1. I'm trying to understand the selection: among the residues of the stretch 130-156, which are touching a residue at least 40 places away in the same chain (Cβ under 8 Å), part of a loop (DSSP other than H, G, I, E, B) and either within 10 Å of the chain's Cα centre (by Cα) or outside the structural domain of LEU50 (by TED's automatic domain parsing) (or both)?
2. Of ASN91, ASN63, which residue is modelled with pLDDT of 95 or more and touching a strand residue (DSSP E or B) at 6+ places or on another chain (Cβ under 9 Å)?
3. Might you let me know whether the stretch 157-175 holds any residue that is farther than 22 Å from HIS28 by Cα, touching a residue at least 24 places away in the same chain (Cβ under 8 Å) and aliphatic (A, V, I, L, M)?
4. Being of a type in the set (A, V, I, L, M) and either at pLDDT 95 or above or in contact with a His (Cβ under 6 Å, 6 or more places away or on another chain) (or both) narrows it down to one residue among ILE170, ILE224, ILE142; which is it?
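The values are calculated or read from the model by the stated rules, or taken from the named source; none is laboratory data. These numbers come from a predicted model, not from an experiment. Counting neighbours? That spans all protein chains shown, and the Cβs are built from the backbone with ideal geometry, glycine included.
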Amino acid sequence: MVLLLFFLFCFLELCLKSQCETSYTSEHTIGLENDIGDICMSVTFRVEVLNTENNNTEALPFNLANGKISGKCAIDRKHDAIISSTIEEENGRVKKLKFAFRTEEMHVKRVDELRWQLKKVEYTEKYEGNTAVFESDNSSVIFSAPLTQKYVCEDSLNVTLQSDEFNFPIVIMFYPEIDVQPYGPKSNSFLCERTRRRTLSDSLQHRSTIFAGVILAISSIAHIIGHMVRRHFMPQRKEIYESLTRS
């Protein structure tokens, strides 16, 4: 009885420290909830994995929501957050994608700002006793946004993973809608650089089209007014127009 109470106490203490997260999924979304049912992490994107061995160019889908979800939410903004999806195929091959997040003070626009980062992506594949691990470069920041905002991208993004044991890379392809909230739900959005540039380009192109249309309309109106003025102030032309009208 004493031993049972001891294990129960240890379990409760572990839950308090790790918040006893439970996983949830929806289409292209995986996430974690804490012990009171609040969402503490959510990532949404469609993923494909490209194995470039032997110059292969055909990427295979990795449906995150179909896998076994595990991970941990950050206890506070100073701690890391991790989430992974593990898929076991019928032939015994096991594939796992893991995403590791952390926060860091960054100098942005002359001020220091606390931002969260997707610092590491790890792809692991196990088959017949062999294990292959591919990781993103430690110096790279894949996704990043202010701590108070979620990361949103409407364009596809690629991340190249390397392995110490293999001389070919694995490419992880992220497809929109990309919505990443590793430190709890956020209402404000931080658009990725590629989407911001494309949106700005589309906006400028739209404005240019409108401006060209306005210029064309003004030119047409000016031409009509000039035509009417010539008819009014040039009697010879007026007589010609009237004779043409009578005929």
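1. Of the stretch 130-156, the ones touching a residue at least 40 places away in the same chain (Cβ under 8 Å) are 143, 145-155.
Next cut, part of a loop (DSSP other than H, G, I, E, B) only: 147-148, 154-155.
Matches in the stretch 130-156: GLU154, ASP155.
2. Values: ASN91 fails: modelled with pLDDT of 95 or more.
ASN63 is the lone residue from the list that is modelled with pLDDT of 95 or more and touching a strand residue (DSSP E or B) at 6+ places or on another chain (Cβ under 9 Å).
3. Within the stretch 157-175, not a single residue is farther than 22 Å from HIS28 by Cα, touching a residue at least 24 places away in the same chain (Cβ under 8 Å) and aliphatic (A, V, I, L, M).
4. Values: ILE224 fails: either at pLDDT 95 or above or in contact with a His (Cβ under 6 Å, 6 or more places away or on another chain) (or both); ILE142 fails: either at pLDDT 95 or above or in contact with a His (Cβ under 6 Å, 6 or more places away or on another chain) (or both).
Answer to the selection: ILE170.
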